[in-house]
Amino acid sequence: MDKTTDIYDKINGCAIMRNISQGEADSYYSYLSKGCKLCQEGAKMVLFVTGICGKNCFYCPLSNERKADVTFANERLVSSDYDIIEEARQMGALGTGITGGEPLLKPEKVLRYIKLLKSEFGKEHHIHLYTALPLDKNILEKLALAGLDEIRFHPPVDIWNNKMENYSDSIKKAMDAGMEVGMEIPAIEGANKVSTIANELGCFLNMNELEFADTNSEAMKLRGYELRDEISNAVAGSYAIGMEILQTTGKGHLCTSRYKDAVQLRRRLLRIAERTAREFDEVTEDGTLVYGVITCNGEVNSTERVADLLSLLGVPEELFQINKEEIHIAAWILEEIKMEIVADVKEMCIIEKYPFPGGMVVEKIPL
Ligand code: SF4
């Protein structure tokens, strides 16, 4: 029996005794912060403040596109405050997770965004922040005053064995400033040292199942990490380590690789899809949108001629929309009338895509 199954069974067998609850997608917890609860609902906007970071963790999953001084609200590139507010509105965000890179390399920006979100959505809009830096009283008090609700410290792995005083000190000061405080680290060998400190300080510890990404796979392989199986990006053994440490962590949470995709991301996409779907878009259970696309042949007025034909065929005007040289239309209608609209048309297809502008196309079925 492999170690993962062994521990999984033990936890299932004595969940009440150890006060550990099973979440979705094999995640487990003895404590969930408010930030985690909202994240589980898919109700947190991810505000990526900057991709710059001086830490160089070998497991850093940031894509090359993000390793720059760029700001994103979810997948939307931010060029003004308006983009942040618009994205939060679009998904009906109940809170925001501020991340990076190292967001506190841009402290003024972070403070401004916290104030902006709180003034726009009220103090109940819950904001948590990740940082890999130890922080002094001055910045912690400024963050708390701006409205930050929760802070999670990510001490780099090379100091877990001994030099954690700066982080312990920051955690105490963050608690004194009135914020909910935790640590967030990957579930790998040595994480038990961080758990001990979390227990001593009374803060929560989130462990993430370690994952391979395009940009970290070389460094991970060099250290001997391997994929758990062929269908996920999870690292073999990380889950078992996390489960073991969870049993001795007072306020702990193990978030699995599958959980992030299967639950968090899907719920966030669903929130966006349900709010942005046009009359004729079909929202799938994965939070993607399905609709038909008619690409006109580009001749003068070809789009208008096809649109007129659709009206003649009795397609209600709310069930199609002209989009430059394309006409977007309910997929089921396009399936029905495709043989009747071949003139002026270059291509017809059914598209399934992520529910935001420029969102990834998951599937394209030519008709
Ligand atoms: S602290 Fe975070 S962003 Fe910075 S290198 Fe480490 S994992 Fe990457």
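Observations on the model:
- Beyond 26 Å in Cα-Cα separation lie the following of the pairs Lys142/Lys172; Lys173/Lys193; Lys37/Lys163: Lys37/Lys163.
- Part-to-part distance (alpha-carbon centres) for the range 124-193 and the range 20-84, which is given in Å: 16 Å
- Ordering of 147-154, 257-264 by burial proxy (mean other Cβ atoms within 10 Å per residue, highest first): 147-154, 257-264
- Global form of the range 3-272, assessed from the alpha-carbon gyration tensor, a/c cut-off 1.5: rounded
- Here's the picture: charge each Lys and Arg Cβ at +1 and each Asp and Glu Cβ at -1 in the chain, and of Ile197, Leu148, Asn74 the one pushed furthest to the positive end of that dipole is Ile197.
- Cα gyration tensor shape of the range 23-165, rounded if a/c is under 1.5, else prolate or oblate by comparing a/b with b/c: rounded
- 0 to 90° range, to nearest 10: angle between helix 3-13 axis and the chain longest Cα axis: 80 degrees
- Calculated [θ] (222 nm, deg cm²/dmol) that DSSP helices of n ≥ 4 give over the chain, each run adding -39,500 (n - 2.57): -10000 deg cm²/dmol
- The range 257-367: Lys pairs at Cα distance under 17 angstrom, eight or more positions apart or on different chains: 5
- With respect to the chain, whose longest principal axis is taken over its alpha-carbon atoms, helix 137-146 is tilted by about 40°.
- Between the Cα long axis of helix 191-201 and the first principal axis of the chain there is an angle of about 70°, rounded to the nearest 10.
Bear in mind that the values in this text are calculations on the coordinates, not laboratory data. Nothing here was measured: the structure is a model prediction, and the numbers come from that model. Reconstructed Cβ throughout: ideal geometry from the backbone, glycine too, with neighbour counts over all protein chains shown.
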